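The values are calculated or read from the model by the stated rules, or taken from the named source; none is laboratory data. Keep in mind it's a predicted model, so treat the numbers as computed, not measured. So basically every Cβ, Gly included, is an ideal-geometry build from the backbone, and we count neighbours across all protein chains shown.
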Amino acid sequence: QRKDYFHKLSNRLAEKYETIFIEDLNMRAMKRLWGRKVSDLSFSEFVKILEYKTVVVKIDRFYPSSKTCSGCGAVKEDLDLKTRVYECESCNLVIDRDYNASINIHRVGASTLK
């Protein structure tokens, strides 16, 4: 059932996007922190299926995608995981933390293709 869902989702993504940018997450470390919740996701299995169907560019896991302002590039050192909204002190951008990170991941990934 899960594999079927992964194949359907990866097909939709591959049809819509030539290249997909993702963070190269350390799943072993995440499993130690969050245990079974992360194991049940099978993210690495999904990525393998996706790589078979389209170009997947992995961004270095140490790139501070969540802490970097997608508007001006300022880095916020003291951003904890509980904070869900990114507020830049330099340019006053207010944006959802995950959306901000996705913009940064796309920008870094796209720059590697040039």
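Among the residues of segment 80-95, which ones are part of a strand (DSSP E or B) and farther than 16 Å from PRO64 by Cβ?
Selection gives VAL85, VAL94.
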Revision key, fill the gap. Apart from one, (1) at pLDDT 95 or above; (2) surrounded by 15 or more Cβ atoms within 10 Å (Cβ to Cβ); (3) assigned by TED's automatic domain parsing to the domain that holds LEU9 all hold for VAL38; the odd one out is (1)
**Study point:** Yes/no for LYS53 being among the charged types (D, E, K, R) and at pLDDT below 95
**Key:** no
Review point. Within the set of pairs 6 or more residues apart or between chains, which connect a residue that is among the hydroxyl-bearing types (Ser, Thr, Tyr) inside segment 85-107 to a residue that is part of a strand (DSSP E or B) with Cβ atoms less than 6 Å apart?
Key: TYR86/ILE95
Review point. Of the residues that make up segment 10-26, is at least one assigned to a helix (DSSP H, G or I), outside the structural domain of VAL108 (by TED's automatic domain parsing) and either of a type in the set (A, V, I, L, M, F, W, C) or at pLDDT below 95 (or both)?
Key: yes
Study note, to complete from the structure: LYS58: passes all of (1) in contact with a Gly (Cβ under 9 Å, 6 or more places away or on another chain); (2) assigned to a loop (DSSP other than H, G, I, E, B); (3) in contact (Cβ under 8 Å) with a residue 24 or more places away in the chain but (2)
